[in-house]
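The values are calculated or read from the model by the stated rules, or taken from the named source; none is laboratory data. Just so it is clear, the structure is predicted and the values come from calculations on it, not from any experiment. Note that we place each Cβ from the backbone using ideal geometry, even for glycine, and neighbour counts take in every protein chain shown.
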Amino acid sequence: MAISEWRPQRRDFLRGVVVTGLAIPLGMSLASCAPGTSTGPVAGGDKTAKNPFGLPATSTVDAVIFNGGYGIDYAEFAGKAVEKEQSGTTVKVSAQTDIAQTLQPRFVAGNPPDVIDNSGAKLIGINTIREQLEDLTDVIEANNYEGIPIKDTLYAGVIEPGTFDGKFVQLNYVLTVYALWYSASLFAEKGWDVPKTYAEMLDLGAKAKADGKYLMGWGKEAATYYQTMAIASAIKEGGDDVRLALENLKPDCWSMDAVQGVFNGLKDIIDAGYIQPGGAGTQFTAAQAQWSSSEAFLLYPSGGWIENEMKKDTKEDFQMTGAPEPTVSSGSAMPWEALHSTAGEGYIVPSKAKNVAGGKEFLRAMLSKEAAVNFAKTKFASTIVKDTVPADGFGSTALVSQVKLLEGAGADTFSWSFIDLYGMNVDQLVVWNTFLQGGSSVAELTSGLQAITDKVANDSSIQKVTVS
């Protein structure tokens, strides 16, 4: 079974968080912070069917790629494709883990890279730079390397997440499915069922404890993975009203009944001792290895990048599989099968880049079928390019399960943007690490999250986005 169509019902922007360490009002662009000196753009070449952006014959393309769960080799693959397609062009791919800290000085100086994978925990807030970014409509209007219009090869709805005020400035390359991950082989061996509600999770926790395991675990940098699960569960339980209240930073949005139901369900699991202790002092990939390699705990909430991220630390025949995030009750507003899914890994081309045509050509290469198949095959995740995942998922149980999750959800897919858009994650990590280690009550978790939300809502210098 191959992915045939994807229709996200909500807008989302990025998988990471907007870095809060930049002392830049959201209404101000990075380049306006200080006078910059640019090396100047390279002279453009002739635009042809083979060279739709007028890439100069002997230019260099400067690509900066977030080195996270997907690594950078897929981008290097696309770079080689550019060099083959456009003879004389050289593509320089650089890996970075802190996009904001690395690239802020280059934006200020007016000399940003030609193309950037603006992702990860420390990305540049899109509101601070979106006026300095190229419109990428001409990229999807161009033909891919196979001679087919790119817009005809993409899943439905994948342009909207990168469109702001009618301008398409961010190409989110990876189709991200969020799920509750487990070992299908272990569950089959033990005769366990995947829990659909928090009450069922609590029951499974008792079975895990009897077997010498924990139900769940976490690492300090990824404590808010549990917030992602909690928000998804609350939206499924309470419906669109919950999503809109959170998105629009409403007073007492974290006190809504559906949200509180999820928090209380998690608190019951924590108080029962079913979450592996010590997560607040454990590096997140080490914690994930306790799940995927040692099987110290059973369930882990994450995006579809988890298999590739942990492929070197996953037990043989683990059969990593995703399930929908739980609801609070069997009478939830949305079915258990409803799914948090969006396009992520946001690529941008700065207008002041030395080689704008090169940045766009790099994206054209990434959107070729050859590059998209390579990504799916090596990263066990789908891009926004259709018809690149075979029925066997290239032997990946995780990828096959993502296809099944999307098909099972149908039109019941959703997402949100407020955390990434307003840069809340850094502060929320503190609150969630404390809660998961049993150091706070539901009331304290709620008040902590509401204080972070209210701070943004009441700050008139921050440009707000109204979601309807």
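Just to confirm my filter: which helices (runs of 4 or more DSSP H) fall fully inside the stretch 205-277 and include at least 2 residues that are at pLDDT 95 or above and touching a strand residue (DSSP E or B) at 6+ places or on another chain (Cβ under 6 Å)?
Of the helices (runs of 4 or more DSSP H) lying wholly inside the stretch 205-277, those with at least 2 residues that are at pLDDT 95 or above and touching a strand residue (DSSP E or B) at 6+ places or on another chain (Cβ under 6 Å) span 225-238.
Only one residue in GLN288, GLN283, GLN227 is of a type outside the set (Phe, Trp, Tyr) and farther than 30 Å from ASN374 by Cβ, so which one is that?
So the residue among GLN288, GLN283, GLN227 that is of a type outside the set (Phe, Trp, Tyr) and farther than 30 Å from ASN374 by Cβ is GLN227.
Among the residues of the stretch 173-193, is there at least one that is charged (D, E, K, R), closer than 23 Å to MET334 by Cα and surrounded by fewer than 24 Cβ atoms within 10 Å (Cβ to Cβ)?
Checked against the condition, which is being charged (D, E, K, R), closer than 23 Å to MET334 by Cα and surrounded by fewer than 24 Cβ atoms within 10 Å (Cβ to Cβ), the stretch 173-193 yields at least one hit.
Quickly run through the stretch 307-351 and pick out the residues that are closer than 19 Å to VAL403 by Cα and among the small types (Gly, Ala, Ser).
Hits for the stretch 307-351 are GLY322, ALA323, ALA338, SER341, ALA343, GLY344.
Pick out the one residue from ASP138, ASP114 that is acidic (Asp, Glu), surrounded by 21 or more Cβ atoms within 10 Å (Cβ to Cβ) and in contact with a helix residue (DSSP H, G or I) (Cβ under 8 Å, 6 or more places away or on another chain).
Going through ASP138, ASP114 in turn, the sole match is ASP114.
The rows are residues; the columns are (1) in a loop (DSSP other than H, G, I, E, B); (2) not charged (D, E, K, R).
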site: GLU83; (1), (2): no, no
site: GLY88; (1), (2): yes, yes
site: ASN127; (1), (2): no, yes
site: ASP138; (1), (2): no, no
site: GLY147; (1), (2): yes, yes
site: ALA156; (1), (2): yes, yes
site: PRO161; (1), (2): no, yes
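From ASP203, ASP211, which residue is closer than 20 Å to PRO324 by Cα and surrounded by fewer than 21 Cβ atoms within 10 Å (Cβ to Cβ)?
The match here is ASP203.
Any residue at all in the stretch 370-391 that's in contact with a strand residue (DSSP E or B) (Cβ under 6 Å, 6 or more places away or on another chain), crowded, with 24+ Cβ neighbours inside 10 Å, more than 29 Å from MET256 (Cβ to Cβ) and at pLDDT 95 or above?
There is at least one residue in the stretch 370-391 that is in contact with a strand residue (DSSP E or B) (Cβ under 6 Å, 6 or more places away or on another chain), crowded, with 24+ Cβ neighbours inside 10 Å, more than 29 Å from MET256 (Cβ to Cβ) and at pLDDT 95 or above.
Do you know which of the residues in the stretch 409-428 that are closer than 19 Å to ALA234 by Cα and in a helix (DSSP H, G or I) is modelled with the lowest pLDDT?
ASP420
Please work out which residue is nearest to the chain's Cα centre (by Cα), limiting yourself to the stretch 429-441 and to residues that are surrounded by 17 or more Cβ atoms within 10 Å (Cβ to Cβ) and not in a loop (DSSP other than H, G, I, E, B).
LEU429
Quick check on LYS92: is it touching a helix residue (DSSP H, G or I) at 6+ places or on another chain (Cβ under 9 Å), without any contact (Cβ under 8 Å) to a residue 60 or more places away in the chain and in a strand (DSSP E or B)?
In short, yes.
Please find, among ALA357, ALA398, ALA381, the residue that is in a loop (DSSP other than H, G, I, E, B) and either of a type in the set (Lys, Arg) or in contact (Cβ under 8 Å) with a residue 24 or more places away in the chain (or both).
ALA381
Quick test for you: out of GLY36, GLY68, pick the one residue that is at pLDDT below 50, part of a loop (DSSP other than H, G, I, E, B) and assigned by TED's automatic domain parsing to the domain that holds GLN402.
Result of the check over GLY36, GLY68: GLY36.
Of the residues VAL403, VAL431, VAL389, VAL385, which is of a type in the set (A, V, I, L, M) and over 28 Å from LEU363 (Cβ atoms)?
Among VAL403, VAL431, VAL389, VAL385, only VAL431 is of a type in the set (A, V, I, L, M) and over 28 Å from LEU363 (Cβ atoms).
Restricting the first residue to the stretch 423-443 and requiring it to be over 19 Å from ASN264 (Cβ atoms), which pairs with a second residue that is among the polar types (S, T, N, Q) and at pLDDT 95 or above meet a Cβ separation below 7 Å and a spacing of at least six or different chains?
Correct list of pairs: ASN425/THR224; LEU429/THR224.
Taking the stretch 178-204 only, how many residues are closer than 21 Å to LYS404 by Cα and in a loop (DSSP other than H, G, I, E, B)?
Count: 5.
If I filter the stretch 321-335 for residues that are buried (at least 21 other Cβ atoms within 10 Å of the Cβ), closer than 30 Å to GLU83 by Cα and among the β-branched types (Val, Ile, Thr), do I get at least one hit?
no
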